[in-house]
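**Student:** Provided herewith is a single structure, encoded as structure tokens, for subsequent inquiry.
The values are calculated or read from the model by the stated rules, or taken from the named source; none is laboratory data. What you see is a predicted model, and the numbers here were worked out from it, not measured in a lab. Here the Cβ positions follow ideal geometry from the backbone for every residue, glycine too, while neighbour counts run over all protein chains shown. Just so you know, the surface numbers come from the protein's heavy atoms only, side chains and all, with ligands and any DNA or RNA stripped out. Shrake-Rupley method; radii C 1.70, N 1.55, O 1.52, S 1.80 Å.
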Amino acid sequence: MNNNGLNNNRSRETALVISQEEISEGIFNLKIKFRDDYTALKNTLPGQFVSLYVSDGSMLLPRPISICEANVEDMVLRLVYRVVGSGTKAFSSLRSDDTIDVIAPLGNGYDFDKIISENNLPDDASFVAMGGGIGIPPMLGVVKKLHEMGKKAYAVLGYRSNDLFLIDDFKKYSEVIISTDDGSVGTKGTVIDALKASGVKADVILSCGPLPMLRGISSYASENNIPAYVSLEEHMACGIGACLGCVCKTVDVDEHSHVNNTRICTEGPVFRSSEVIL
Amino acid sequence: MNLSVDFAGVKMKNPVTTCSGTFGSGMEFSEFADLNMLGAVTTKGVASVPWEGNPTPRVIETTGGMLNAIGLQNPGVDVFLERDMQFLKGFDTKVIVNVCGHSEDEYLDAVEKLNVEDAISLYEINISCPNVKSGGIAFGTDPKMVEKITGAIKKVSKKPVIMKLSPNVTDIKVMAQAAESGGADAISLINTLTGMKIDINRRSFALANKTGGLSGPAIKPVALRMVYEASHAVNIPVLGMGGIQTAEDALEFLMAGATMVAVGTANFNNPKATEEVVKGIEAYMERYSVDDINDLIKIL
Ligand SMILES: Cc1cc2nc3c(=O)[nH]c(=O)nc-3n(C[C@H](O)[C@H](O)[C@H](O)COP(=O)(O)OP(=O)(O)OC[C@H]3O[C@@H](n4cnc5c(N)ncnc54)[C@H](O)[C@@H]3O)c2cc1C
Ligand SMILES: Cc1cc2nc3c(=O)[nH]c(=O)nc-3n(C[C@H](O)[C@H](O)[C@H](O)COP(=O)(O)O)c2cc1C
Ligand code: FES
């Protein structure tokens, strides 16, 4: 599904907060429900994101937050975010039955049929989803989808310490491999260190996390000839492809912009690592 | 009830357009707002050749507004004519094409290439972008340059020309008059105000470009004052913008002297903002039994 910004019938919606709790220090788990006839939600893919608005009008620009899990039958999205500034702080005070304005879904996520055919992946290919820090939540939707498709999925998750948020959710859909900065659980070091230590052979890597981690994954993947996908972040204004605020440098001239820049909010946030310059 | 206005000889079905650079060429926003409801769509600045723009971060929110330093990234006029203009022809709205350049020759080159397209109603010449090193604001802050470049563009242009003025000047009236003397058919203002934000945690500039252009509700009082001053200093029509979020904001600009208004940064907060401004103006006219929008323009 290519959500190239045209005629997907999305709108700024007022969604209902179903629940919110703090699942780790400063990390919140928010579930929001859309009206039943909001058809745009039906095509949600893992890796896509939403634009959340601060409803009291005190802030202008929407905050981009990845979709952690989509339950389209119930029109519910699960979002997991870390409080870092005024916008996320405002979201953290939302309680059930509050409302929040949101545009969803946005960007291009993981289209696994396309990934399989583009890379000639065999039926028993190992999909390795790597998430670091607040890049962990979007990987849940990834392994869930792979599990539904009957694919072999591994989650390699990089935490700071032994506060392993979302780990039980991941275990439902995939084998979990852990790295921690302090060595308290799993491999001490990076997600790549943990992958190497596990002996798992990746046929394709899907990743989200801080830039140094994505750079590491990108070079590991190219050295080992493994196709890899990275989910990128940039400051956004419109979130829908109109302002050119959120670009990333590309190896080739981009089809839309006609320069070596691509829009993270529209062509991304998920890119093939070999196509972007990190 | 009449909402239509005559803007530099072009009949607009209502006085509402978009601010260049905040609406692309309407493609993306057409999913959210009905372009047919707008008097005109003003497109993102386009140059004779593609421009890469600035490094990121290019945008950051500030109190009541935002700073941007996009650096006029654009795909160049050829792609614009083939793709964006063809798309816009599918809508019942006028098209104002915003043009940028690094030098007088580049502006002229772009305008000459655009002249072939009949569906373009007007050009808006950006001589006020604070985010590019040469061209842009370098032209827009010196009245002699404003007059000269306006004259040069008027010579080659087959469409009426709007000169877009910078607010980063001591006396906006002088700039407006310089554009008028150069032969401009209209002026638009304000472009963004040069600003800065520092990220104290990273101890560095929030934008890669260090400075950026301030837009949004924070600049509205400044913009309104400048639209008032400029429109009373010249006899050509004014396209007013700067922080317009609602019909009430738009009406202030019309009363202050603008014949048309543009909605910019507000689109990022509310992708239906343009449409809602048009509907809100209509509602105001109904409420106060105003038959003709022209009876509200420049009444102060
Ligand atoms: C595609 C995408 C998906 C994301 N998914 C998640 C997620 O699932 N969970 C999560 O916790 N965070 C996620 N982020 C980061 C999140 O958007 C920022 O942490 C958030 O915008 C910060 O807003 P604030 O007002 O709290 O912080 P402030 O620092 O006060 O924000 C000021 C401005 O900068 C912008 N900004 C600040 N940091 C970032 C950033 N890292 N990326 C983009 N814009 C930023 C804000 O949107 C706002 O406009 C994602 C970012 C992107 C681009
Ligand atoms: C992201 C962004 C991009 C812009 N790009 C352009 C541009 O390409 N050409 C131009 O003349 N003005 C550009 N502007 C200025 C706007 O057209 C407008 O003059 C200014 O933002 C004030 O209006 P506002 O407060 O309603 O946004 C841009 C503004 C923003 C926020
Ligand atoms: S945020 Fe506006 S183009 Fe991506």
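**Student:** Of B:Gly53, B:Gly21, which residue is free of Cβ contacts under 8 Å to residues at least 40 places away in the same chain and within 14 Å of ligand 3 (Cβ to nearest atom)?
**Tutor:** It is B:Gly53.
**Student:** Please verify whether the range A:112-130 includes one or more residues that are open to solvent by 60 Å² or more (accessible area, probe 1.4 Å) and in contact with a Ser or Thr (Cβ under 6 Å, 6 or more places away or on another chain).
**Tutor:** Looking for residues that are open to solvent by 60 Å² or more (accessible area, probe 1.4 Å) and in contact with a Ser or Thr (Cβ under 6 Å, 6 or more places away or on another chain), one finds none in the range A:112-130, hence no.
**Student:** Of the numbered conditions (1) open to solvent by 40 Å² or more (accessible area, probe 1.4 Å); (2) more than 26 Å from A:Met59 (Cα to Cα), A:Ser257 fails exactly one; give the number of that condition.
**Tutor:** Unmet condition: (1).
**Student:** If you check A:Ala237 against the conditions, is it among the aliphatic types (A, V, I, L, M) and either more than 6 Å from ligand 3 (Cβ to nearest atom) or more than 12 Å from chain B (Cβ to nearest Cβ) (or both)?
**Tutor:** no
**Student:** Another question, then. For the range A:240-266, name all the residues that are within 14 Å of ligand 3 (Cβ to nearest atom) and at the interface with chain B (Cβ under 7 Å from one of its Cβ atoms).
**Tutor:** Listed by number, the residues that qualify are A:Ile240, A:Gly241, A:Ala242, A:Cys243, A:Leu244, A:Gly245, A:Val247, A:Ser257, A:Val259, A:Asn261.
**Student:** For B:Lys44, all conditions in the list (1) of a type in the set (Lys, Arg); (2) facing chain A (nearest Cβ under 9 Å); (3) farther than 15 Å from B:Gly264 by Cβ hold save one; what is the number of the exception?
**Tutor:** Just one mismatch for B:Lys44, condition (3).
**Student:** Say we look at the range A:81-111 and pick out the residues that are without any contact (Cβ under 8 Å) to a residue 60 or more places away in the chain and open to solvent by 20 Å² or more (accessible area, probe 1.4 Å); which of these is nearest to ligand 1 (Cβ to nearest atom)?
**Tutor:** Only one residue fits best here, namely A:Gly85.
**Student:** Would you please list the contacts, defined by Cβ atoms under 8 Å and residues six or more apart or on different chains, that run from a residue in the range B:5-18 that is within 17 Å of B:Tyr123 (Cβ to Cβ) and open to solvent by 10 Å² or more (accessible area, probe 1.4 Å) to a residue that is of a type in the set (Lys, Arg) and not in a loop (DSSP other than H, G, I, E, B)?
**Tutor:** Pairs that qualify, where the first residue is within 17 Å of B:Tyr123 (Cβ to Cβ) and open to solvent by 10 Å² or more (accessible area, probe 1.4 Å) and the partner is of a type in the set (Lys, Arg) and not in a loop (DSSP other than H, G, I, E, B), are B:Val10/B:Lys94.
**Student:** For the range A:50-70, enumerate the residues that are more than 16 Å from ligand 2 (Cβ to nearest atom), of a type in the set (A, V, I, L, M, F, W, C) and either in contact (Cβ under 8 Å) with a residue 60 or more places away in the chain or in a loop (DSSP other than H, G, I, E, B) (or both).
**Tutor:** Correct list: A:Val54, A:Ile67, A:Cys68, A:Ala70.
**Student:** Just checking, does the range A:245-259 include any residue being away from ligand 2 (no atom under 16 Å from the Cβ) and small (Gly, Ala, Ser)?
**Tutor:** Within the range A:245-259, not a single residue is away from ligand 2 (no atom under 16 Å from the Cβ) and small (Gly, Ala, Ser).
**Student:** Shifting gears a bit: Just give me the residues in the range B:66-84 being within 16 Å of ligand 3 (Cβ to nearest atom), outside any loop (DSSP other than H, G, I, E, B) and open to solvent by less than 10 Å² (accessible area, probe 1.4 Å), in sequence order.
**Tutor:** Result: B:Met66, B:Leu67, B:Asn74.
**Student:** What number of residues within the range A:140-165 satisfy the criterion of being farther than 12 Å from A:Phe127 by Cβ and of a type in the set (Gly, Ala, Ser)?
**Tutor:** 3
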